[in-house]
Amino acid sequence: MSADKIAFIGGGNMASAVIGGLLRAGMTPAQFIVVEPYEPQRAKLAAQFGVQALPAGDAALAEATTVVWAVKPQLFAEAAAPLRAWVDGALQLSVMAGITTASITAASGSGRVVRAMPNTPALIGQGIAGLYARPAVSADERATVERLLAPTGRTLWVDREDDLDAVTALSGSGPAYFFFMVEAMMAAAVDMGLSAEQGRQLALATCAGAAGLGLAADESPTVLRERVTSKGGTTHAAITSLQADGVDAAIRRAVLAAQQRAAELGREFGG
């Protein structure tokens, strides 16, 4: 990507994760321009990465081959309005929740739009982003997006834009479900006489290891669970208790509630 120039509209955590990863991969600070109204964040970006950070867009944006939209959804329309004349020739990549590709096309003047739904583990390079591309996006541009997001973790393409609501519910919101479970496991650790810190270390290491095993194994999560669940043993007692409390059904309802809210936010902010 030595010839690319990338403009970020919004310079928060996700933009920082991508910029930092691409710099480590060999891109240079001169290949980036960031529009970030918040002065302390502009100073942080300039100090940390050496990139050009502007309080507002200007004609320099016209040099960008890719524009990454990374502002809060409710600020998109305001942020995009003054930039259209400079960004309409670029590939558009959005990491904003809820803003539809149709809205981005209307605001930017470009039909070459990819919408991404990343999650917070992207900040340490272990995220996964669901991706949807409008028909005008070429195969080479899809590959460009994959390279841009590679520093944040994995990517997964979906065929329908509506599927990003499910991605949001599963992986976008998913880290919160995980931490919610860890909080409960920590509380149980204290109930059993361990300290909260001991519970935190045990729960996080166990969950991280289980996730790593699940990704590396050929077997399904069901097989992996059954392998640990001996009839009459400790795990069997725990799983039986969870099933009796309807935890599996509750998790499914929770994820579906998140999907429904993602769709609502899309209608509210995305047109």
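Take Val167 and decide whether it is closer than 30 Å to Val95 by Cβ and of a type in the set (Val, Ile, Thr). If you could, list the steps in order and put the result at the bottom.
Details: closer than 30 Å to Val95 by Cβ: yes; of a type in the set (Val, Ile, Thr): yes.
So Val167 fits the description; yes.
Which of the numbered conditions does Glu141 fail, given that it passes all the others? Conditions: (1) of a type outside the set (A, V, I, L, M); (2) at pLDDT below 95; (3) more than 13 Å from the chain's Cα centre (by Cα).
All conditions pass for Glu141, except number (2).
When the residues of the stretch 171-183 are narrowed to those that are free of Cβ contacts under 8 Å to residues at least 60 places away in the same chain and either among the aromatic types (Phe, Trp, Tyr) or loosely packed, with under 15 Cβ neighbours inside 10 Å (or both), which ends up farthest from Ser103 (Cα to Cα)? Write out each step before concluding.
Within the stretch 171-183, the first condition is being free of Cβ contacts under 8 Å to residues at least 60 places away in the same chain, and the residues that meet it are 171, 174-176, 178-183.
Remaining after also requiring either among the aromatic types (Phe, Trp, Tyr) or loosely packed, with under 15 Cβ neighbours inside 10 Å (or both): 175-176, 178-181, 183.
On the way: Pro175: 28, Ala176: 28, Phe178: 32, Phe179: 33, Phe180: 34, Met181: 36, Glu183: 38 Å.
Selected residue: Glu183.
With respect to Thr168, determine if the residue is on the phi < 0 side of the Ramachandran plot, touching a residue at least 24 places away in the same chain (Cβ under 8 Å) and not in a helix (DSSP H, G or I).
Details: on the phi < 0 side of the Ramachandran plot: yes; touching a residue at least 24 places away in the same chain (Cβ under 8 Å): yes; not in a helix (DSSP H, G or I): no.
No; evaluated as a whole, the condition is false for this residue.
Residues to consider are Ala59, Ala53; find the one that is hydrophobic (A, V, I, L, M, F, W, C) and more than 27 Å from Ser138 (Cα to Cα).
Values: Ala59 fails: more than 27 Å from Ser138 (Cα to Cα).
Unique residue meeting the criteria: Ala53.
Can you run down the residue pairs with Cβ atoms below 8 Å, 6 or more apart or on separate chains, where the first is in the stretch 126-141 and under 19 Å from Gly89 (Cα atoms) and the partner is assigned to a strand (DSSP E or B) and among the small types (Gly, Ala, Ser)?
Glu141/Ala133
What number of residues within the stretch 184-214 are more than 21 Å from Val247 (Cα to Cα) and hydroxyl-bearing (Ser, Thr, Tyr)?
Residues meeting the conditions: 1.
Mind checking which residues of the stretch 146-165 are assigned to a strand (DSSP E or B) and β-branched (Val, Ile, Thr)? I'd like the intermediate steps shown before the answer.
Start the filter on the stretch 146-165 by keeping residues that are assigned to a strand (DSSP E or B), which leaves 153-157.
Answer for the stretch 146-165, where residues must be assigned to a strand (DSSP E or B) and β-branched (Val, Ile, Thr): just Thr155.
The values are calculated or read from the model by the stated rules, or taken from the named source; none is laboratory data. None of the values given here were measured: they were computed from a predicted structure. Glycine also receives a Cβ, built like all others from the backbone with ideal geometry; neighbour counts cover every protein chain displayed.
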